[in-house]
Amino acid sequence: MAKAKTGKTVLIIEDDQSLLKILSHTLTSENITVLEAQDGEVGLKVALEEHPDLILLDIVLPKMDGLTVLKKIRSDEWGKNVPVITLTNLGDIKTVSEVLEIGASEYLI
């Protein structure tokens, strides 16, 4: 799953295979180490074990939704400060507000 660390590491937590592949390919072509998870439970585990420099987090995920993952990351001492960019097609104000309140660095629709 993880490659040799050389510089920055990004964890992508995304269940859409196509988007995951595109993001992973784009980042690795920039010499960024990419970790991948396709559900919230695995994503949280990888985040807390590997401590990536940035997390790209989908909101709608199997096993554990992105909001729960973000809350659990933020409750960890390391996770309080890691940048988390949420990726989703949910653009309603309530979801955006909740994600930003929990501590997402950015919200991309």
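The values are calculated or read from the model by the stated rules, or taken from the named source; none is laboratory data. Because the structure is predicted, anything quoted here is derived from the model rather than measured. All Cβ positions, even for glycine, are placed from backbone atoms using ideal geometry, and neighbour counts span all protein chains on display. Ligands, DNA and RNA are excluded from the accessible area calculation, which covers all protein heavy atoms including side chains. Shrake-Rupley method; radii C 1.70, N 1.55, O 1.52, S 1.80 Å.
Taking each residue of the stretch 81-93 that is within 13 Å of LEU67 (Cβ to Cβ) and at pLDDT 75 or above and looking for partners that are open to solvent by less than 30 Å² (accessible area, probe 1.4 Å) and of a type in the set (S, T, N, Q) with beta-carbon atoms closer than 9 Å, six or more apart or interchain, yields THR88/THR95.
So that you can scan it fast, the table gives a plain yes or no per residue for (1) assigned to a loop (DSSP other than H, G, I, E, B); (2) out of contact with any strand residue (DSSP E or B) (no Cβ under 8 Å at 6 or more places or on another chain):
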site: LEU20; (1), (2): no, no
site: LEU23; (1), (2): no, no
site: THR26; (1), (2): no, yes
site: VAL34; (1), (2): no, no
site: GLY43; (1), (2): no, no
site: GLU49; (1), (2): no, yes
site: LEU57; (1), (2): no, no
site: VAL60; (1), (2): yes, yes
site: MET64; (1), (2): yes, yes
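Of everything listed in (1) under 13 Å from the mean Cα position of the chain (by Cα); (2) under 23 Å from ASP92 (Cβ atoms), the single unmet condition for PRO62 is (1). Of the set (1) of a type in the set (Gly, Ala, Ser); (2) open to solvent by less than 30 Å² (accessible area, probe 1.4 Å); (3) modelled with pLDDT under 95, all apply to GLY40 but (3). Within the set LEU48, LEU70, LEU54, the sole residue that is aliphatic (A, V, I, L, M) and within 19 Å of LEU19 (Cα to Cα) turns out to be LEU54. Would you confirm whether or not the stretch 61-75 contains a residue that is closer than 11 Å to ILE13 by Cα and hydroxyl-bearing (Ser, Thr, Tyr)? No, there is no match, as no residue in the stretch 61-75 is closer than 11 Å to ILE13 by Cα and hydroxyl-bearing (Ser, Thr, Tyr). Just to be sure before I move on: is ILE55 open to solvent by less than 40 Å² (accessible area, probe 1.4 Å) and not basic (Lys, Arg) in the structure I sent? Yes, satisfied.
Count of the stretch 2-21 residues, restricted to those that are more than 15 Å from THR88 (Cα to Cα) and open to solvent by 70 Å² or more (accessible area, probe 1.4 Å), is 6.
Against the list (1) open to solvent by less than 60 Å² (accessible area, probe 1.4 Å); (2) in a loop (DSSP other than H, G, I, E, B); (3) farther than 20 Å from ASN81 by Cα, the condition GLU30 fails is (1). Looking across the stretch 1-14, the residues that are under 23 Å from MET64 (Cα atoms) and either modelled with pLDDT of 95 or more or among the basic types (Lys, Arg) (or both) come down to THR9, VAL10, LEU11, ILE12, ILE13, GLU14.
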